[in-house]
Amino acid sequence: MAILNFPPIHQADENGLLAVGGDLDVKSLLKAYQSGIFPWPISEDFPLAWFAPNPRGVIDFDEFHLSKSFKKFLNKTEMTVEFNQNFENVIINCSLASRKDQAGTWITDEIIESYINLHKAGYAYSAETYIFKDGMKRMVGGLYGTCISQFFSGESMYHIEDNASKFALYKLIEKLKTMGVKWLDTQMVTPVVQAMGGKEIDRSVFMKRLSKTDIDSFLIPSI
C-alpha cells in the first residue's frame, strides 16, 4: 500500500533520518520527493529508511563551474551522452560501483526495482555516457535520478572511464538549463558535486524552493 503521509521533516534526527519502513510504490516515492524526503537504505536493520537531511545539497546553475582540467577534457573528448536510453543498466552499474569508505551499496534490489518502475512511469531519468569505437557503442558511465515537473533530483552516478560520470552530469545540467530549470537537488554534496559548484543550503530554504515548483502537476519533462 502506498504511503499517504510522512512525519513532518523537522522531526528528522541529526543525521536526517525521518522514518523507517513502508514501501517503494511509485506513489510513495512521488509523495516523498514532493515532501523533501528520499529513501536511503542504510543497513540490514534499516532496510528501508527515509531521510530529510539538514543541510541539503544543491547545484545552482548560475554558480555552476568547471575546473581547468575538465575544460581540457571537454575540448578533446569523443564521449557522447544520451538520456533515458539505458536506465536499467545505469542503476545496476551504480549499485555495483565501489565507493571510498563504503563497504556495500545502498542501492538494493528493492531500490533498483522501484526506480525502474518509477522510470517506466515517467518520473525517473538517466544520463548515459558512451564511447564509440570500431563501430561499437559502449556505456562507460552515467547517473540516474528523479524528475517531477521542473524538480530534478540526482540519486547516484558511476564511471568506468575517467570523467564519464562528470560528463553525464555536465550534459544533464546543460539540458536542464535549456528547459528553464535553474537548480538541481543533489541531496548531499559529494566531491564531484562540490567541484562543479555544489553547495549546502538550509533545509528550510530547500523546502521554500520546492514549494515554488509546480510538482503537483506531475508533468513529465522531455529530456
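The values are calculated or read from the model by the stated rules, or taken from the named source; none is laboratory data. Computed from a predicted model, the values in this text were never measured in an experiment. All Cβ positions, even for glycine, are placed from backbone atoms using ideal geometry, and neighbour counts span all protein chains on display. These area figures cover heavy atoms from the full protein model, side chains too; ligands, DNA and RNA do not enter into them. Shrake-Rupley method; radii C 1.70, N 1.55, O 1.52, S 1.80 Å.
Looking at the range 176-214 only, could you name the residues that are open to solvent by 70 Å² or more (accessible area, probe 1.4 Å) and either more than 16 Å from the chain's Cα centre (by Cα) or of a type in the set (Lys, Arg) (or both)? Across the range 176-214, the qualifying residues are LYS177, THR178, LYS182, ASP202, LYS208, SER211, LYS212, ASP214.
Checking each residue in the range 36-46 for being open to solvent by less than 10 Å² (accessible area, probe 1.4 Å) and either among the hydroxyl-bearing types (Ser, Thr, Tyr) or more than 13 Å from SER114 (Cβ to Cβ) (or both) picks out GLY36, ILE37.
The set of residues in the range 8-21 that are under 19 Å from ASP202 (Cβ atoms), more than 20 Å from the chain's Cα centre (by Cα) and in a loop (DSSP other than H, G, I, E, B) comprises PRO8, ALA12, ASP13, GLU14. Reported count of residues in the range 63-93, each being under 18 Å from TYR158 (Cβ atoms), in a helix (DSSP H, G or I) and either charged (D, E, K, R) or in contact with a strand residue (DSSP E or B) (Cβ under 6 Å, 6 or more places away or on another chain) (or both), is 5. Residue by residue through the range 54-69, note down the ones that are open to solvent by 10 Å² or more (accessible area, probe 1.4 Å) and within 20 Å of LEU210 (Cα to Cα). Of everything in the range 54-69, those that are open to solvent by 10 Å² or more (accessible area, probe 1.4 Å) and within 20 Å of LEU210 (Cα to Cα) turn out to be ASN54, PRO55, ASP60, PHE61, ASP62, GLU63, PHE64. Here SER98 clears all of (1) within 28 Å of ALA49 (Cα to Cα); (2) surrounded by 14 or more Cβ atoms within 10 Å (Cβ to Cβ) except the condition numbered (2).
Yes/no per residue for (1) of a type in the set (Gly, Ala, Ser); (2) under 30 Å from GLY135 (Cβ atoms); (3) open to solvent by less than 20 Å² (accessible area, probe 1.4 Å):
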residue	(1), (2), (3)
VAL20	no, no, no
ASP25	no, no, no
SER28	yes, no, yes
GLN34	no, no, no
LEU48	no, no, yes
VAL90	no, yes, yes
